[in-house]
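Participant: First, the structure itself, so that you have it in front of you.
The values are calculated or read from the model by the stated rules, or taken from the named source; none is laboratory data. Fair warning: this is a prediction, and the values are worked out from it, not measured in the lab. Virtual Cβ from ideal backbone geometry, glycine too; neighbours counted across all protein chains shown. Heavy atoms of the whole protein, side chains included, go into the accessibility calculation; ligands, DNA and RNA do not. Shrake-Rupley method; radii C 1.70, N 1.55, O 1.52, S 1.80 Å.
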Amino acid sequence: MPEFDLIIRNGSVIDGTGAHAFPADVAVRDGRIAGVGGRVDGEAERVIDADGLAVAPGFIDVHAHDDDAVMSTCMDFKLMQGVTTDIVGNCGTGMAPRDPARPPMPGVNVVLGASQKGDWQTFGEYLDAVERADLAVNVGCFVPHGAVRYSALGMERREPDEAQLARMRDAVAEGMAAGALGLSTGLIYPPGAFARTEEIVALAAAAAEHGGIYMTHMRDEGERLLEAIEEAVRIAREAGLPLEISHHKAAGRENWGKTEQSIALIERERKAGADVNFDAYPYTAGSTILAVMARRPEAGPDSVIVSSVRGKPEFEGKTLAQIAEMLGVPAEKAAQRVLEADSSAVAVFFMMDEADVRRVLAHPLCMIGSDGIPSPTGKPHPRLYGTFPRVLGTYVREERLFTLEEGVRKMTSLPARRMDLAERGELREGFAADIVVFDPETVDDRATYEEPRQYPEGIEYVIVNGQVAAEGGKQTAARAGRLLRRA
């Protein structure tokens with residue numbers, strides 16, 4: 001019987017730590033890395049020749065909205081990018097907790113592509129459902145503040161009373177005890193937007209008691225970006241836990257360049273003792289529910305592409321200006337017409353400057369998160385299919401914004417350590433065998449705003465917990481993913 005299940009030979013190993021690449025073999029046995037060295041002796045059931053290719057830890061998508069998709073789809077849009085671990089429950093939006101006496105939380109089925117199927121109520125029961133599913137990738141979960149608040153107050157725009165706040169704290173504590181990674185907020189989305197700072201501090205403190213972190217889509221990413229960072233730091237400091245700022249950006253032309261100030265503020269707060277990191281996606285456009293952004297200054301008719309509209313596929317892939325022309329209405333009326341057809345329509349918003357994107361991506365505190373919305377129909381933002389190859393192709397190989405080793409670190413060990421994902425994120429003996437083999441000369445995203453559902457180039461093999469999950473541009477039948485509960 002062969003000593004190893006798999007040996008990857010002759011590759012250039014990028015171990016995830018940021019250290020220089022080195023020639024080595026990687027051996028796998030029982031879902032774990034059994035050896036990394038210049039020449040691994042022994043036989044294996046399968047040998048992959050990685051001559052001319054890079055061998056790296058599987059990528060970790062630190063900001064995903066696949067809470068339902070991890071259970072209901074094959075996750076090809078992530079796996080084919082080299083993603084082996086998906087972090088869900090972001091922006092305060094998620095599948096649990098939920099009160100069976102209330103209708104589903106507004107917007108959840110849009111942002112998460114969620115079916116709402118499942119008999120769970122508590123967050124722990126949701127985690128159990130994830131664990132029972134045939135997972136294509138590993139999954140880590142945050143307790144979503146919006147869902148917690150909705151289960152206690154619905155969509156009421158007020159402070160919780162003492163009993164309601166206690167109920168919310170108990171819900172966060174229950175989720176953390178079950179293995180959640182921390183607490184997330186989405187402070188531009190109702191009902192999370194209705195929460196005062198003190199409420200979030202109280203709930204974050206419950207997460208802190210279990211060793212969690214605070215992940216936030218802040219209250220503002222434009223005009224009041226700096227004030228939003230100050231609030232996020234205050235919450236983390238008073239609650240006593242680390243802070244992760246989601247999809248850090250400066251939105252709106254009038255705020256372009258402000259990431260220079262925001263990063264300087266983050267660095268000052270770190271020197272003062274705050275434990276702060278941030279993540280970003282490699283695009284100048286974001287994507288969310290049209291109704292949330294329709295009246296904001298960055299939502300001009302030429303800078304918004306409608307992604308998905310139920311019952312109106314002819315709107316999808318077109319700008320608001322093009323839809324206005326199609327309907328024969330003034331440009332400023334186009335968003336209203338789209339929302340009349342579908343109040344939950346999703347759109348892409350071109351609102352960032354390339355210089356800001358580059359500045360954020362290049363910073364050593366920045367990790368990579370796609371923020372993709374897994375829409376089953378329409379034309380989603382291309383980040384859903386292309387984020388990680390785009391970093392490696394555009395920003396590493398073409399722009400030389402940072403080294404290949406640093407690019408891999410941002411996708412592997414940095415998020416693994418931040419999220420306390422034990423024995424993941426590095427190619428090290430004894431660690432989980434989550435591995436991606438790619439061609440650094442050809443890796444690139446193919447997803448575009450016009451045709452987003454395209455797999456990338458240059459991702460040759462993706463291995464999840466020791467099983468080959470994708471090779472040669474095709475997904476295999478392997479379903480080797482696992483639920484990653486907080487260590």
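Participant: What range in the chain is the longest one free of GluC sites (Glu not before Pro) that are in a loop by DSSP and have at most 16 other Cβ atoms within 10 angstrom? Present the calculation step by step, with values, prior to reporting the outcome.
Facilitator: Working: sites that count: GLU3, GLU43, GLU156, GLU209, GLU223, GLU399, GLU423, GLU429, GLU441, GLU450.
Longest site-free region, per DSSP loop and neighbour criteria: 224-398.
Participant: How big is the gap, in Å, between the Cα center of the stretch 259-294 and the Cα center of the stretch 335-360?
Facilitator: If we compute the Cα centre of each part, the gap is 17 Å.
Participant: Now for a different question. With a 1.4 Å probe and all protein chains kept in place, how do THR84, THR476 rank by accessible area, largest first?
Facilitator: Numbers: THR84 0, THR476 40 Å².
Sorted by accessible area, descending: THR476, THR84.
Participant: Collect residues whose amide H, placed 1.01 Å from N in the peptide plane, falls under 5 Å from the amide H of VAL137; neighbours closer than 5 in sequence don't count.
Facilitator: For VAL137, the qualifying residues are GLY481.
Participant: Working out 0.36 nm times the residue gap between ASP275 and ASP161, then minus their Cα-Cα distance, what length gain in nm do you get to one decimal? Kindly include the intermediate steps, with their values, before the conclusion.
Facilitator: Values: separation 114, 0.36 × 114 = 41.04 nm, distance 3.07 nm.
Extra length from ASP275 to ASP161 when fully extended: 38.0 nm.
Participant: Determine ³J(HN,Hα), in whole Hz, for all residues of the stretch 43-49 in sequence, where each value follows from phi through the Karplus function 6.51 cos²θ - 1.76 cosθ + 1.60 and θ = phi - 60°; x replaces Gly and Pro.
Facilitator: 9, 9, 4, 9, 10, 10, 8
Participant: Say the dipole of the stretch 1-64 comes from +1 at the beta carbon of Lys and Arg and -1 at that of Asp and Glu; which of PRO23, HIS63, LEU53 then lies farthest toward its positive end?
Facilitator: About the Cα centre, the residue reaching furthest to the positive side is HIS63.
Participant: Give the aspartates and glutamates whose C-alpha is closer than 18 Å to that of LYS333, dropping any in the same chain fewer than 8 places away, or say none.
Facilitator: By straight Cα distance, LYS333 reaches GLU298, ASP302, GLU314, GLU316, GLU325, ASP342.
Participant: Can you give me the three principal axis dimensions of the stretch 237-361 from its C-alpha atoms, in Å, biggest first?
Facilitator: Sorted from largest, the Cα extents of the stretch 237-361 read 56, 29, 21 Å.
Participant: Obtain the nm distance between the two label points defined at ARG400 and GLU260 by a simple spin-label model: each point lies 7 Å from its Cα along the Cα-to-C-beta direction.
Facilitator: Here the modelled spin labels are 2.3 nm apart.
Participant: Convert 20 °C to kelvin, take the viscosity as 1.002 mPa s, use the Kirkwood radius over C-alpha pairs of the chain as Rh, and evaluate the Stokes-Einstein diffusion coefficient in µm²/s, rounded to a whole number.
Facilitator: Details: Rh = 22.6 Å.
In µm²/s, the coefficient rounds to 95.
Participant: Still on this structure, I have one more. Starting with the highest mean, order 287-294, 17-24 by the number of other Cβ atoms within 10 Å, averaged over the residues of each peptide. Can you show the working numbers first?
Facilitator: On the way: 287-294: 21.0, 17-24: 15.8.
Put in order of decreasing packing, that is 287-294, 17-24.
Participant: While we're on this one: Roughly to the nearest percent, how much of the accessible area of the chain is carbon and sulfur, given a 1.4 Å probe? Please list the in-between numbers first.
Facilitator: Numbers: 8430 of 18260 Å².
Reported share for carbon and sulfur atoms: 46 percent.
Participant: Hey, what does the equivalent ellipsoid look like for the stretch 13-143, semi-axes from the Cα gyration tensor as sqrt of 5 times each eigenvalue, largest first, whole Å?
Facilitator: Details: eigenvalues 285, 44, 29 Å².
Over the Cα atoms of the stretch 13-143, the ellipsoid semi-axes are 38, 15, 12 Å.
Participant: Could I have the simple spin-label model distance between ARG46 and VAL329, label points 7 Å from Cα toward Cβ, reported in nm to one decimal?
Facilitator: It works out to 5.3 nm between the two label points.
Participant: What FRET efficiency would be calculated for the residue pair ARG224, THR377, taking the C-beta separation as r and a Förster radius of 45 Å, to the nearest 0.05?
Facilitator: Values: r = 35 Å, r/R0 = 0.77.
For R0 = 45 Å, the calculated efficiency reads 0.85.
Participant: From the gyration tensor of the Cα coordinates in the stretch 203-261, what semi-axes in whole Å does the equivalent ellipsoid have, largest first, with each one equal to sqrt(5λ)?
Facilitator: Working: eigenvalues 131, 17, 12 Å².
Whole-Å semi-axes of the equivalent ellipsoid: 26, 9, 8.
Participant: Something else now. Taking amide hydrogens as modeled 1.01 Å from N in the peptide plane, which residues meet the under 5 Å criterion relative to ASP5, leaving out close sequence neighbours?
Facilitator: Hits under the 5 Å cutoff: VAL28, ARG29, ASP30, GLU45.
Participant: Next question. Convert each backbone phi in the stretch 473-487 into a coupling constant with the Karplus relation 6.51 cos²θ - 1.76 cosθ + 1.60 (shift: θ = phi - 60°), then list the ³J(HN,Hα) values in order as whole Hz, x for Gly and Pro.
Facilitator: x, 10, 7, 8, 7, 4, 10, 9, x, 9, 6, 9, 7, 3, 5
Participant: Given the stretch 1-132, what percent of its DSSP beta bridges are antiparallel, to the nearest 5? Mind showing how you got there, number by number?
Facilitator: Values: 11 of 21 bridges.
Roughly 50 percent of the DSSP beta bridges within the stretch 1-132 come out antiparallel.
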